[in-house]
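The values are calculated or read from the model by the stated rules, or taken from the named source; none is laboratory data. Model, not experiment: these values are computed from the prediction. Cβ coordinates were reconstructed from backbone atoms using ideal geometry, including for glycine residues, and neighbour counts include every protein chain displayed. Side chains are part of the model used for accessible areas, which takes the heavy atoms of the whole protein and leaves out ligands, DNA and RNA. Shrake-Rupley method; radii C 1.70, N 1.55, O 1.52, S 1.80 Å.
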Amino acid sequence: MLEKAQFEIGAADLSQLPPDRGREVAFAGRSNAGKSSAINALTNRRRLAFVSKTPGRTQQINFYALGAGRYLVDLPGYGYARVSGQLQQRWERVLSAYLQRRASLQGLVLIMDIRHPLTPLDRSLLDWFAPTGKPLLVLLTKADKLSRQEAARQLHTVRAGLERSYPGGAHAILFSAVSRQGVEAAKGFVAGLLGGENEAPAEYNPSRQRKAPG
Ligand code: GDP
């Protein structure tokens, strides 16, 4: 299903969001964490999401249609140093409102560079999203840049951090757009939240999801 993704609309503001009546899974992360590469890996595309040479450039909420009212949503990367404080504040307002109020939003995939996980802005985002109690998957990406032992240690640290900051239950897995580690598990998470194409959208099943990552 994810391979069918087609860019549909970019919203520069909350007022430009499409009607809130489908099923969507959003992708968030610090600029340059590897979000575009992760989206491209999950959709088997080379350039669906723009892998930027200039981090912080895409300041839009991009909707990719999958058909049957289902969407992948690429949220603007945050925390890029050269973005002005004013712009950053504006995007914090937009992101927090979207994460807290969007009924169509079934769950969130949060991308973190495994070498720089749980930054202060990642924690703000977790604080905004935690009250919704919706499923969250953290992709610790660029795992190919660490040894297996170092990657396992980071995974352990992040899981412990998430237990504190996301009491609703979050999952974290190792991921790499290069080696494709974690791609199938992440696809399973997203597809599970969106439901199958020819059936009524499936309910999220936490016990099933808990086994998938790892
Ligand atoms: P975004 O700003 O979060 O969308 O990040 P991008 O997807 O544009 O990636 C930022 C940089 O990290 C690019 O140079 C990518 O090639 C690189 N990158 C992304 N994912 C991976 C990965 O899994 N492994 C490695 N080694 N590099 C990655």
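Filtered by the rule that a residue be assigned to a helix (DSSP H, G or I) and under 17 Å from the mean Cα position of the chain (by Cα), the range 66-100 gives W91, E92, V94, L95, S96, A97, Y98, L99, Q100. Across the range 101-124, the number of residues qualifying as farther than 26 Å from S179 by Cβ and part of a helix (DSSP H, G or I) comes to 5.
Can you confirm whether L121 is touching a helix residue (DSSP H, G or I) at 6+ places or on another chain (Cβ under 8 Å) and either under 17 Å from L193 (Cα atoms) or touching a residue at least 40 places away in the same chain (Cβ under 8 Å) (or both)? When the stated conditions are applied, L121 does not pass them.
Limited to the range 84-118, what total is found for residues that are in contact (Cβ under 8 Å) with a residue 40 or more places away in the chain, of a type outside the set (D, E, K, R) and either surrounded by 14 or more Cβ atoms within 10 Å (Cβ to Cβ) or out of contact with any Leu (no Cβ under 9 Å at 6 or more places or on another chain) (or both)? Step through it out loud before you land on a result.
Residues of the range 84-118 that are in contact (Cβ under 8 Å) with a residue 40 or more places away in the chain, as a first pass: 94-95, 97-99, 102-114, 116-118.
Still in the list and also of a type outside the set (D, E, K, R): 94-95, 97-99, 103-112, 114, 116-118.
Still in the list and also either surrounded by 14 or more Cβ atoms within 10 Å (Cβ to Cβ) or out of contact with any Leu (no Cβ under 9 Å at 6 or more places or on another chain) (or both): 94-95, 98-99, 103-112, 114, 116-118.
Summing the residues that are in contact (Cβ under 8 Å) with a residue 40 or more places away in the chain, of a type outside the set (D, E, K, R) and either surrounded by 14 or more Cβ atoms within 10 Å (Cβ to Cβ) or out of contact with any Leu (no Cβ under 9 Å at 6 or more places or on another chain) (or both) in the range 84-118 gives 18.
Within the range 151-176, if we keep just the residues that are touching a helix residue (DSSP H, G or I) at 6+ places or on another chain (Cβ under 8 Å), touching a residue at least 40 places away in the same chain (Cβ under 8 Å) and within 16 Å of the ligand (Cβ to nearest atom), the residue that is nearest to L136 (Cα to Cα) turns out to be A172.
For the range 167-180, a residue qualifies if it is at pLDDT 95 or above and surrounded by fewer than 18 Cβ atoms within 10 Å (Cβ to Cβ), and the qualifying residues are V178, S179, R180.
Pairing residues of the range 10-27 that are assigned to a strand (DSSP E or B) with residues that are open to solvent by 50 Å² or more (accessible area, probe 1.4 Å), at Cβ distances under 6 Å and at least 6 apart in sequence or on separate chains, gives G10/Q60; R23/P201. Inside the range 101-132, residues that are in contact with a Phe, Trp or Tyr (Cβ under 6 Å, 6 or more places away or on another chain) and more than 18 Å from L174 (Cα to Cα) make up a count of 3.
Take A68 and tell me if it is buried (at least 23 other Cβ atoms within 10 Å of the Cβ) and modelled with pLDDT of 85 or more. No, not satisfied. For G188, the criteria (1) more than 15 Å from the chain's Cα centre (by Cα); (2) open to solvent by 30 Å² or more (accessible area, probe 1.4 Å); (3) more than 16 Å from the ligand (Cβ to nearest atom) hold in every case but one, which is (1). Scanning the range 134-150 for residues that are farther than 12 Å from I111 by Cβ and touching a residue at least 60 places away in the same chain (Cβ under 8 Å) yields a total of 1. Can you name the residue in the range 140-150 that is surrounded by 15 or more Cβ atoms within 10 Å (Cβ to Cβ) and assigned to a helix (DSSP H, G or I) and, of all such residues, is farthest from the ligand (Cβ to nearest atom)? Going through the qualifying residues, I end up with A143.
Can you say whether K134 is open to solvent by 10 Å² or more (accessible area, probe 1.4 Å), more than 16 Å from the ligand (Cβ to nearest atom) and not hydroxyl-bearing (S, T, Y), as far as the supplied structure shows? So K134 passes the test. As a summary of the residue check, R164 satisfies the conditions (1) in a helix (DSSP H, G or I); (2) touching a Leu at 6+ places or on another chain (Cβ under 9 Å); (3) open to solvent by 50 Å² or more (accessible area, probe 1.4 Å) except for the one numbered (2).
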